[in-house]
Amino acid sequence: MKNYTIAVMLVTAMVLLTGCGMGNAVEHRQSSGSYIGFVTQVEAKELLINDIWFSVQETVVLNGNGDEIPLEDVGLGDKVKVEADGEIYESHPRRAEAEKMSLLSDEGSMKECHAVRLVLQDPRFSEVMLRSVTKEVPGVYDVRFADPSIGMDVKVVVNLQHERVMVPARPVAN
């Protein structure tokens, strides 16, 4: 019985530790103060990118070719690289000033954008604060996000071919 209990504890510890990895985190902090993420809310002159509200009043916006474009061309679900100007304020959600923003338009980014847009359009979720987007197999993405309106971390599987957002039977509590 003692060996069985130890074996169960070891397996449980391995499962818990394996699930704690970052995976392909949506938000990347580089030494230059740049962040990569997805636009999940737009309000006046602010964009929610992952879990940071960026003020974009005087932001230079570039398309995938490096040409300057109007801020209005940035939309929900777009994958962007933002260069922060100064500090990120530790509120919830965090806040920062965006100096420059670049739309990421490579093939992989465009597929991730499609997956994120499907989640944003899903009526089951009212607020989305993205945590990660991971490609599982071609055309299938694992999307993890917090939905503050229900106080839950949510993991969904998005099938691009069938344009479906599938929710596992048991959501994860915050």
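Straight-line reach from LYS81: which lysines have Cα under 30 Å away, leaving out those fewer than 8 places along the same chain? Within reach: LYS45, LYS100, LYS111, LYS135, LYS155.
Converting phi to 3J(HN,Hα) with the Karplus coefficients 6.51, -1.76 and 1.60 and the offset θ = phi - 60°, segment 125-134 yields 10, 9, 10, 10, 10, 4, 10, 7, 10, 10 Hz in sequence order, with x at every glycine or proline.
So which GluC sites (Glu not before Pro) in segment 80-147 are both in a DSSP loop and have at most 16 other Cβ atoms within 10 Å of their Cβ? Don't skip to the answer; put the middle values down first.
Working: sites: GLU83, GLU87, GLU90, GLU97, GLU99, GLU107, GLU112, GLU127, GLU136; in loops: GLU87, GLU90, GLU127.
Hits after loop and neighbour filter: GLU87, GLU90, GLU127.
For segment 89-110 versus segment 111-174, the spacing of their alpha-carbon centroids is 19 Å. Amide H to amide H distances under 5 Å link LEU104 with LYS79, VAL80, LYS81, where only residues 5 or more positions off or on other chains count and H is placed in the peptide plane. Amide H to amide H distances under 5 Å link ASP85 with GLU97, ALA98, GLU99, where only residues 5 or more positions off or on other chains count and H is placed in the peptide plane. By DSSP, what percent of the beta bridges with both residues in segment 31-174 are antiparallel, rounded to the nearest 5? Roughly 85 percent of the beta bridges in segment 31-174 run antiparallel, per DSSP.
Scanning residues 5 or more positions from VAL154 or on other chains, those with amide H under 5 Å from its amide H are PHE145, ALA146, ASP147, with H placed 1.01 Å from N in the peptide plane. Take the Cα coordinates of segment 29-127, assign each an equal point scatterer, and use the Debye formula without solvent to give log10 I(q)/I(0) at q = 0.15, 0.22, 0.23 Å⁻¹. Normalising to I(0) and taking log10 leaves -0.56, -1.20, -1.29.
With a 1.4 Å probe rolled over the protein heavy atoms of all chains, the accessible area of ASP142, ASP85 falls in the order ASP85, ASP142, largest first. In sequence order, segment 57-72 has phi-based couplings of 4, 10, 7, 7, 10, 10, 7, x, 8, x, 7, 6, 10, x, 4, 4 Hz under the Karplus curve 6.51 cos²θ - 1.76 cosθ + 1.60, θ = phi - 60°, and Gly or Pro positions carry x.
The values are calculated or read from the model by the stated rules, or taken from the named source; none is laboratory data. Computed from a predicted model, the values in this text were never measured in an experiment. Don't worry about glycine lacking a Cβ; one is built from the backbone with ideal geometry, like all the others, and counts go over all protein chains shown. In case anyone asks, the SASA skips ligands and DNA or RNA and just uses the protein heavy atoms, side chains included. Shrake-Rupley method; radii C 1.70, N 1.55, O 1.52, S 1.80 Å.
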